1. Of all strands (runs of 3 or more DSSP E) completely enclosed by the range 1-67, which ones contain at least 3 residues that are free of Cβ contacts under 8 Å to residues at least 60 places away in the same chain, at negative phi and not polar (S, T, N, Q)?
2. Just to be sure, is A52 of a type in the set (A, V, I, L, M), exposed (fewer than 12 other Cβ atoms within 10 Å of the Cβ) and out of contact with any Lys or Arg (no Cβ under 9 Å at 6 or more places or on another chain)?
3. Taking only the range 68-82 into account, find how many residues are surrounded by fewer than 14 Cβ atoms within 10 Å (Cβ to Cβ) and either more than 15 Å from the chain's Cα centre (by Cα) or at positive phi (or both).
4. Sort out which residues of the range 85-104 are touching a residue at least 12 places away in the same chain (Cβ under 8 Å) and polar (S, T, N, Q), and write them in order of number.
5. Can you name the residue in the range 4-37 that is within 21 Å of the chain's Cα centre (by Cα) and loosely packed, with under 13 Cβ neighbours inside 10 Å and is also nearest to R93 (Cα to Cα) among such residues?
6. Only one of I86, I104, I117 is in contact with a Pro (Cβ under 8 Å, 6 or more places away or on another chain) and in a helix (DSSP H, G or I); which?
7. Please verify whether the range 57-80 includes one or more residues that are closer than 16 Å to N3 by Cα and modelled with pLDDT under 95.
Amino acid sequence: MNNQLNLFIDGEWIETNDKLKVLNKYSGETYAEVSKAGEREVNKAIEGAERAFKQEELPPYKRYEIIKKVSELLQEEKESFTNSIISEAGKPRKQASTEVDRAIQTFEVAAEEAKRISGQGVPVELRQDQKIVWHSLFESQLGW
């Protein structure tokens with residue numbers, strides 16, 4: 001085994017004593033051990049997400065830069081991600097590589113779209129899990 005993976009919660013890496021073994025699909029050997037989140041880690045993640053949600057909005061160019069950087073990092077580590085998919089899911093190399101390419105493309109498209117977001121968040125009371133509605137195209141027609 002050569003991979004020890006921890007949790008990234010609220011901007012920091014956290015290791016727990018409780019581990020989940022990830023098995024190599026072909027050999028059955030342990031490919032990696034991943035820290036499992038308990039109640040404490042879950043609560044910390046929720047608190048961090050709530051704080052992040054309340055932060056001031058990022059301007060479109062900044063969102064673009066962040067999401068574009070994700071696609072670039074995926075591209076730089078493409079071989080590593082491909083090998084992980086092969087080992088963990090047992091997919092053939094071509095299919096695993098295509099899956100990583102698709103992830104890179106998804107982030108590239110999302111980055112470009114992030115530059116175009118110009119809506120405004122409006123609080124509404126629909127359901128507990130829906131906090132905002134985005135609108136921009138028809139806001140003048142709707143009188144918002």
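The values are calculated or read from the model by the stated rules, or taken from the named source; none is laboratory data. A quick note: this is a predicted structure, and the numbers were derived from the prediction, not measured. Here the Cβ positions follow ideal geometry from the backbone for every residue, glycine too, while neighbour counts run over all protein chains shown.
1. Correct list: 7-9, 12-14, 19-23, 30-35.
2. yes
3. Residues that pass the stated criteria total 4.
4. Result: S87, S97.
5. Out of the qualifying residues, it is Q4.
6. Working: I104 fails: in contact with a Pro (Cβ under 8 Å, 6 or more places away or on another chain); I117 fails: in a helix (DSSP H, G or I).
Going through I86, I104, I117 in turn, the sole match is I86.
7. Scanning the range 57-80 turns up at least one residue that is closer than 16 Å to N3 by Cα and modelled with pLDDT under 95.
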